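Student: Sharing a structure, written as structure tokens. Questions coming.
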Amino acid sequence: MKITVIGAGVIGGNLAAKLSTAGHDVQVADARGPEAIRAEVLESGARAVDLAEAVQGRDVIVLSIPFGVAGQLADVFASVPDETVVIDTANYYPGMLSEPIEAVDNGQVESVYTAELLGRPVVKAWNAALAETQRTKGVPAGTPGRLAIPVAGDSDRARKVAMSLVDDTGFDPYDAGPLADSWRQQPNSPAYCTELTLHELPAALAAADRTTDAAIRDSLPERITALGANPTVDDVVEMNRAAHR
């Protein structure tokens, strides 16, 4: 597929590398320009391009940008065909990675808010796994214990496309239903960054509680500090799991 990843940070860089390794035609764009894209992101064949040309003639566009800034791309996306699948990977951390956003604080689902800013539908995927999990723990389909990633979206076709790409990055895709239900994979739900298998993930999504999960999310600075210096990915996963015990 012809894929553009917008945002060349840790998550966007991971996805660009993995999807190009899987054989897709991958472009990477960043608001800071092509020169800001790290060389290792391009080692597997992805190409750095200007943002203005990044969205033209693509099958899939992956947004790996800070939460709440999608509105800055609305004009760029105005010419993108309806059939192009747009995937949102962002998460809302008010006061940490984002300024507080009243609509989301009052209950609007994160990616529903992003879709409104962008002016077009999106699919939610890859948000519920740590960057290091995505980088190091993807394995071929059928491998025992393969980790799963939830995918939510209103279009059956778009959701299936996103699920196939999740599979290509080394994880079992789980159909998490419509975008309105994607709050179940937001920070810090039982399904969020807890490294679950396809067998374990449905129960974790069902156990989500918006009030409790938001409180756990907001306690992240204190919980991370308690881990001490240089926590491993396994330390962080265990911290996330322990918050729901």
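Student: Can you tell me which residue within the range 119-137, out of those that are assigned to a helix (DSSP H, G or I) and open to solvent by less than 10 Å² (accessible area, probe 1.4 Å), is nearest to V55 (Cα to Cα)?
Tutor: Restricting attention to the range 119-137, the residues satisfying the condition of being assigned to a helix (DSSP H, G or I) are 131-136.
From what's left, open to solvent by less than 10 Å² (accessible area, probe 1.4 Å): 133-134.
On the way: T133: 28, Q134: 24 Å.
The residue in question is Q134.
Student: Closer than 25 Å to V86 by Cα, open to solvent by 20 Å² or more (accessible area, probe 1.4 Å) and outside any loop (DSSP other than H, G, I, E, B), is that true of R159? First the steps, then the outcome.
Tutor: Details: closer than 25 Å to V86 by Cα: yes; open to solvent by 20 Å² or more (accessible area, probe 1.4 Å): yes; outside any loop (DSSP other than H, G, I, E, B): yes.
It is true that R159 is closer than 25 Å to V86 by Cα, open to solvent by 20 Å² or more (accessible area, probe 1.4 Å) and outside any loop (DSSP other than H, G, I, E, B).
Student: Output the residues belonging to the range 138-156 that are within 13 Å of E195 (Cβ to Cβ) and part of a loop (DSSP other than H, G, I, E, B).
Tutor: The answer is G138, V139, G145, R146.
Student: So is R146 crowded, with 17+ Cβ neighbours inside 10 Å, closer than 25 Å to G95 by Cβ, among the charged types (D, E, K, R) and at pLDDT 95 or above or not?
Tutor: Working: crowded, with 17+ Cβ neighbours inside 10 Å: yes; closer than 25 Å to G95 by Cβ: no; among the charged types (D, E, K, R): yes; at pLDDT 95 or above: yes.
It is false that R146 is crowded, with 17+ Cβ neighbours inside 10 Å, closer than 25 Å to G95 by Cβ, among the charged types (D, E, K, R) and at pLDDT 95 or above.
Student: Further question: In the range 210-233, what count of residues is obtained for those that are under 20 Å from the mean Cα position of the chain (by Cα) and either open to solvent by 70 Å² or more (accessible area, probe 1.4 Å) or aromatic (F, W, Y) (or both)? Steps first, please.
Tutor: Residues of the range 210-233 under 20 Å from the mean Cα position of the chain (by Cα): 210, 213-214, 216-218, 220, 233.
Subsequent filtering for residues that are either open to solvent by 70 Å² or more (accessible area, probe 1.4 Å) or aromatic (F, W, Y) (or both) retains 210, 218.
Qualifying residue count for the region: 2.
Student: Any idea which of (1) open to solvent by 40 Å² or more (accessible area, probe 1.4 Å); (2) within 16 Å of S64 (Cβ to Cβ); (3) in contact with an Asp or Glu (Cβ under 7 Å, 6 or more places away or on another chain) is the one V151 doesn't satisfy?
Tutor: (1)
Student: Residues being basic (K, R) and under 20 Å from the mean Cα position of the chain (by Cα): count how many of those fall in the range 44-82. Reasoning before the result, please.
Tutor: Pass one, the range 44-82, residues basic (K, R): 47, 58.
Imposing the further condition that a residue be under 20 Å from the mean Cα position of the chain (by Cα) reduces the set to 58.
Qualifying residue count, the range 44-82: 1.
Student: Can you tell me which condition Y92 does not meet? The list is (1) surrounded by 14 or more Cβ atoms within 10 Å (Cβ to Cβ); (2) more than 19 Å from the chain's Cα centre (by Cα); (3) within 22 Å of A208 (Cα to Cα), and all the others hold.
Tutor: (2) is the only condition that Y92 fails.
Student: Does the range 181-194 contain at least one residue that is touching a Gly at 6+ places or on another chain (Cβ under 7 Å) and over 24 Å from D234 (Cβ atoms)? Give the steps one after another, and end with the answer.
Tutor: Within the range 181-194, the first condition is being touching a Gly at 6+ places or on another chain (Cβ under 7 Å), and the residues that meet it are none.
No; the residues of the range 181-194 include none that is touching a Gly at 6+ places or on another chain (Cβ under 7 Å) and over 24 Å from D234 (Cβ atoms).
Student: Having 2 or more residues that are without any contact (Cβ under 8 Å) to a residue 24 or more places away in the chain and touching a strand residue (DSSP E or B) at 6+ places or on another chain (Cβ under 7 Å) is the bar; report the helices (runs of 4 or more DSSP H) wholly within the range 165-242 that clear it.
Tutor: Numbers: elements: 201-206, 210-218, 220-226, 233-242.
Output list is empty.
The values are calculated or read from the model by the stated rules, or taken from the named source; none is laboratory data. Since the model is a prediction, treat every value here as computed from it, not as a measurement. Positions of Cβ are generated from backbone atoms using ideal geometry, with glycine treated the same way; all protein chains shown enter the neighbour counts. Ligands, DNA and RNA are stripped out before the accessible areas are found, and what is left, the full protein with its side chains, is counted by its heavy atoms. Shrake-Rupley method; radii C 1.70, N 1.55, O 1.52, S 1.80 Å.
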